Amino acid sequence: MTRDEIRAAVLRALGDIAPEADLSAITRDAPLRDQLDLDSMDFLNFVIAVHAAVHVEIPEADYPKLATLGGCVDYLVRAGAG
């Protein structure tokens with residue numbers, strides 16, 4: 001997957017978790033939990049959805065690396081998503 005495809009997959013996963021969110025307003029470096037008012041279960045469901053979309057195992061120790069849109073995309077690119 002390209003970086004743009006990974007970003008689109010992440011945004012789709014966020015849209016599934018927070019359907020009322022304006023995904024176009026999400027910034028690269030601000031925490032997703034703050035931008036979308038996600039609780040811990042929402043964030044866990046987001047990680048599960050990302051895993052399903054890009055087929056990358058994401059260990060719990062790496063969850064903090066997914067805290068921002070940019071961090072999530074960078075992590076998945078390095079992990080060889082797709």
task = Provide Glu57, Glu5 ordered by accessible surface of protein heavy atoms (probe 1.4 Å), highest first.
result = Glu57, Glu5
key: Charge sum, other residues only, whose C-beta stays under 14 Å from Gly71's C-beta, Lys/Arg counted +1 and Asp/Glu -1   = +2
note = Connecting every pair of Cα atoms under 10 Å apart in the chain and solving the GNM, the largest mean-square fluctuation among Ala52, Ala25, Ala67 falls on Ala25
inquiry  = Modelling each spin label as a point 7 Å along the Cα-to-Cβ direction, I'd like the Thr27/Asp74 distance in nm, to one decimal.
reply    = 1.6 nm
message = On a full-extension model of 0.36 nm per residue, what is the gain between Leu44 and Glu60, subtracting their alpha-carbon distance, rounded to one decimal in nm?
response = 4.8 nm
message = Students often get this wrong, so try it: which of (i) 17.6; (ii) 14.1; (iii) 12.3 is Kirkwood radius over Cα pairs in Å as calculated from the structure shown?
response = (iii)
query = If one takes the longest principal axis of the Cα atoms in the chain, at what angle in degrees, from 0 to 90 and to the nearest 10, does the Cα axis of helix 69-78 lie?
reply = 10 degrees
inquiry  = Could you work out the relative contact order of the chain? I mean the mean sequence separation of Cα pairs under 8 Å and 6+ apart, divided by the number of residues, in percent.
reply    = 42 percent
ask   = With the chain treated as a Gaussian network of Cα nodes joined by springs under 10 Å, which of Ala21, Ala53, Ala61 yields the largest mean-square fluctuation?
value = Ala61
message = Please report the carbon-and-sulfur percent of the accessible area for the chain; probe 1.4 Å, protein heavy atoms only, DNA, RNA and ligands left out.
response = 51 percent
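The values are calculated or read from the model by the stated rules, or taken from the named source; none is laboratory data. Since the structure is predicted, the reported quantities are computational estimates derived from the model, not experimental observations. With ideal geometry, Cβ positions are generated from the backbone for all residues, glycine too; neighbour counts draw on all protein chains shown. With ligands, DNA and RNA removed, areas are computed over all heavy atoms of the protein, side chains included. Shrake-Rupley method; radii C 1.70, N 1.55, O 1.52, S 1.80 Å.
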